[in-house]
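Report on the structure given below.
The values are calculated or read from the model by the stated rules, or taken from the named source; none is laboratory data. Predicted model, so just to flag it, every value in this text is computed and none were measured. Here Cβ is always computed from backbone atoms with ideal geometry, including for glycine, and neighbour counts include all displayed protein chains.
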Amino acid sequence: MIAPSILAADFARLADEAAAVAGTAGRGADWLHVDVMDNHFVPNLTLGLPVVQALRKATDVPLDCHLMIEDPERWALGYAEAGAHNVTVHVEASRDPVALAKDLRAAGVRAGLSIKPGTPLEPHLDTLRHYDTLLVMSVEPGFGGQEFIPEVLDKVRTARRLVDTGHLTLLVEIDGGINTDTIEAAAEAGVDCFVAGSAVYGADDPARAVEALREQVRHASAHRGWA
């Protein structure tokens, strides 16, 4: 799955930018990744709930809302009600991530849990049993265009092994520095969903860039035997 990040899109043309990756006949984006930042949990301020509400009316691509915010318990359900498909919160910010996952699922959306590059995976394995998505950050959250941190792939491999053995039931997603140079290593480690910003929106044809990334994933995944 490829999830273009609108953090790299033209904010003055978000409806057009969403349409640019939608594609046709199943060849476009699987999800549209929306980075929500509050200038508290991370040192940047981006999009909020009104933009997500407007995007939901402008595109049929499922919205993957990544909440890089303090107090996600206060805000996350609003994104579910706005029509998000997947709502991801940070384990470092949530007071009670298990209860929040239950609330998101009860609201009819997928619940996602994200971990920063420096946050170990193992202490949160029991919590992840309540989630549908694990979002591994491969850059420090806050800004797009950063360099991929390869060491986080150890967490991806651990999560993949636990999913493959039935100990976890979730989708493994990665966000940060994903492009033509890094996506195959992430695929080989076991990622299911790849968030890509400038690699898609910096291309002349964003929909074609999505399909090219997907083809790289197919190639790398075939070598692992789980394509």
Problem set entry | the stretch 10-47, residues that are among the hydrophobic types (A, V, I, L, M, F, W, C), farther than 10 Å from MET68 by Cα and surrounded by 17 or more Cβ atoms within 10 Å (Cβ to Cβ) | LEU14, ALA18, ALA19, ALA20, VAL21, ALA22, ALA29, TRP31, LEU32, VAL34, LEU47
Seminar exercise, completed: Residue set ALA99, ALA82, ALA106, ALA54; condition surrounded by fewer than 22 Cβ atoms within 10 Å (Cβ to Cβ) and in contact with a Cys (Cβ under 9 Å, 6 or more places away or on another chain); output residue ALA82
Exercise. Got at least one residue in the stretch 5-23 being among the hydroxyl-bearing types (Ser, Thr, Tyr) and modelled with pLDDT of 95 or more?
Worked result: yes
Problem set entry | Failed item in (1) of a type outside the set (A, V, I, L, M); (2) touching a residue at least 40 places away in the same chain (Cβ under 8 Å); (3) surrounded by fewer than 15 Cβ atoms within 10 Å (Cβ to Cβ); (4) closer than 20 Å to ALA189 by Cβ, with THR133 passing the rest | (3)
Exercise. Taking the stretch 45-66 as the region of interest, how many residues are touching a helix residue (DSSP H, G or I) at 6+ places or on another chain (Cβ under 8 Å) and either among the charged types (D, E, K, R) or part of a helix (DSSP H, G or I) (or both)?
Worked result: 7
Seminar exercise, completed: Log entry, pairs with first residue in the stretch 95-123 being within 11 Å of MET137 (Cα to Cα), second being of a type in the set (Phe, Trp, Tyr) and buried (at least 21 other Cβ atoms within 10 Å of the Cβ), beta carbons closer than 7 Å, six or more apart or on different chains, reads LEU113/TYR131
Exercise. Any idea which of (1) under 21 Å from ARG214 (Cα atoms); (2) part of a loop (DSSP other than H, G, I, E, B); (3) under 17 Å from the mean Cα position of the chain (by Cα) is the one VAL42 doesn't satisfy?
Worked result: (1)
Exercise. Condition test on ASP175, is it in contact with a His (Cβ under 8 Å, 6 or more places away or on another chain), charged (D, E, K, R) and touching a residue at least 60 places away in the same chain (Cβ under 8 Å)?
Worked result: yes
Exercise. Within the stretch 4-25, is even one residue among the acidic types (Asp, Glu) and assigned to a strand (DSSP E or B)?
Worked result: no
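Where in the stretch 68-181 are there helices (runs of 4 or more DSSP H), lying wholly inside it, with at least 3 residues that are within 24 Å of SER5 (Cα to Cα)?
Working: elements: 72-81, 97-106, 125-128, 153-164.
Passing ranges, in order: 72-81, 97-106, 153-164.
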Problem set entry | Matching option when the condition is in contact with a Ser or Thr (Cβ under 8 Å, 6 or more places away or on another chain), modelled with pLDDT under 95 and among the hydrophobic types (A, V, I, L, M, F, W, C), among PHE148, PHE143 | PHE148
